[in-house]
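Notes follow the structure.
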Number of protein chains: 2
Amino acid sequence: MSAQVTTENTEAQMRKGILELVILSVLARNDAYASDIINELKETKLIVVEGTLYPLLTRLKNGELLTYRWEESTQGPPRKYYTLTEKGREFLKQLNSTWDDLVLAVNKARTQSSTSNSNQE
Amino acid sequence: MSAQVTTENTEAQMRKGILELVILSVLARNDAYASDIINELKETKLIVVEGTLYPLLTRLKNGELLTYRWEESTQGPPRKYYTLTEKGREFLKQLNSTWDDLVLAVNKARTQSSTSNSNQE
DNA sequence: TATAGTACTATGTATTGCATAGTACTACTG
DNA sequence: CAGTAGTACTATGCAATACATAGTACTATA
């Protein structure tokens, strides 16, 4: 069945690639386990669910951008606390740049008049 | 074979959903055929290739956000000139809003300090 | 021992960007 | 008229990620 064109669907597509950026950003500030990350992103209106987050954390760890340690908890099972690696920090810098460029380009494409407008600063 | 974590790959993922927005934005300004769109986006540093653009234009047309008319050309085959529909204009407004919210949220997540920073405006 | 809450793993689906191969139209040249 | 180059478009399949769903395991409490 072909996809319906809806803003919900397009937003889901827009989120692809972006969650990686914001999760690395959260971990650049503090070590965290999954629930910390979910709560911190919720404050910035980025809703991430566990079924998305766990596979993504695993991908990032397998890509050597993250490491983790187990920590006991008194509230339930032990938790995986994730830490950004040095490689992860470098990657995040590049990703920030990529994101900034993309947002600039999209906003230009959204507002640009005809080709004679290229001297706009 | 598992994907390598590269900024090129993540940028490709980030572009998902975004091309729809910028193509509709181009067509909100002027009717255009595929090559016009490619050239106009190139000026804003958004590189789109034909193999991506044609299927996307077809999807948007099938979703009733676009219509087209054939126009003869003296340089080669006839061209499909695309026009935004009224439904397309409404959809684009919603998409603009979705995009603005997403960019704001991502930028907040990138820079936010701990939870005590919530009174920042 | 059983249950609720919490943390994580495994798996599959839906969707789009993109590459590749192919067909068709027009102008130009021989 | 036939052949070629340039241009415009169609058809198809692959790669990758967001997300849903089902399941397992740990801890505290009754």
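See the values below:
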| item | result |
| --- | --- |
| Cross-chain or 6+ apart pairs with Cβ under 6 Å, the range A:68-81 first and of a type in the set (S, T, N, Q), then part of a strand (DSSP E or B) | A:Ser73/A:Arg79 |
| Hits in the range B:39-51 (condition: part of a helix (DSSP H, G or I) and more than 9 Å from DNA strand D (Cβ to nearest atom)) | B:Asn39, B:Glu40, B:Leu41, B:Lys42, B:Glu43 |
| Those residues of the range B:1-29 which are within 19 Å of B:Glu50 (Cα to Cα) and outside any helix (DSSP H, G or I), in sequence order | B:Arg15, B:Lys16, B:Gly17 |
| Any hit, the range A:18-30, residues being within 16 Å of DNA strand C (Cβ to nearest atom), surrounded by fewer than 16 Cβ atoms within 10 Å (Cβ to Cβ) and more than 30 Å from B:Leu27 (Cα to Cα) | yes |
| Test: residue in the range B:84-97 that is under 23 Å from A:Asn107 (Cα atoms) and within 13 Å of DNA strand D (Cβ to nearest atom) | no |
| Single residue of A:Thr6, A:Thr98 found to be of a type in the set (Ser, Thr, Tyr) and more than 21 Å from B:Ala3 (Cα to Cα) | A:Thr6 |
| Test: residue in the range A:69-86 that is exposed (fewer than 14 other Cβ atoms within 10 Å of the Cβ), within 10 Å of another protein chain (Cβ to nearest Cβ) and part of a helix (DSSP H, G or I) | no |
| Only listed residue being in contact (Cβ under 8 Å) with a residue 24 or more places away in the chain, among the small types (Gly, Ala, Ser) and within 11 Å of DNA strand D (Cβ to nearest atom), chosen from B:Ala12, B:Ala32 | B:Ala32 |
| Hits in the range B:40-66 (condition: more than 9 Å from chain A (Cβ to nearest Cβ) and in contact (Cβ under 8 Å) with a residue 12 or more places away in the chain) | B:Val48, B:Glu50, B:Thr52, B:Leu53, B:Tyr54, B:Leu56, B:Leu57, B:Lys61, B:Leu66 |
| Test result for B:Lys80, farther than 19 Å from B:Val103 by Cβ and basic (Lys, Arg) | yes |
| Count of the range B:88-100 residues which are facing chain A (nearest Cβ under 9 Å) and surrounded by 13 or more Cβ atoms within 10 Å (Cβ to Cβ) | 6 |
| Residue among B:Thr98, B:Thr111 that is without any contact (Cβ under 8 Å) to a residue 24 or more places away in the chain and within 13 Å of the chain's Cα centre (by Cα) | B:Thr98 |
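Quick grid of which residues meet (1) facing chain B (nearest Cβ under 10 Å); (2) out of contact with any strand residue (DSSP E or B) (no Cβ under 6 Å at 6 or more places or on another chain); (3) farther than 29 Å from B:Leu21 by Cβ:
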position: A:Ala12; (1), (2), (3): yes, yes, no
position: A:Leu19; (1), (2), (3): yes, yes, no
position: A:Ser35; (1), (2), (3): no, yes, yes
position: A:Ile38; (1), (2), (3): no, yes, no
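Taken together, the values in this text are just the output of simple stated rules run on the coordinates, not laboratory data. Computed from a predicted model, the values in this text were never measured in an experiment. Glycine gets a Cβ as well: all are built from the backbone with ideal geometry, and neighbour counts include every protein chain shown.
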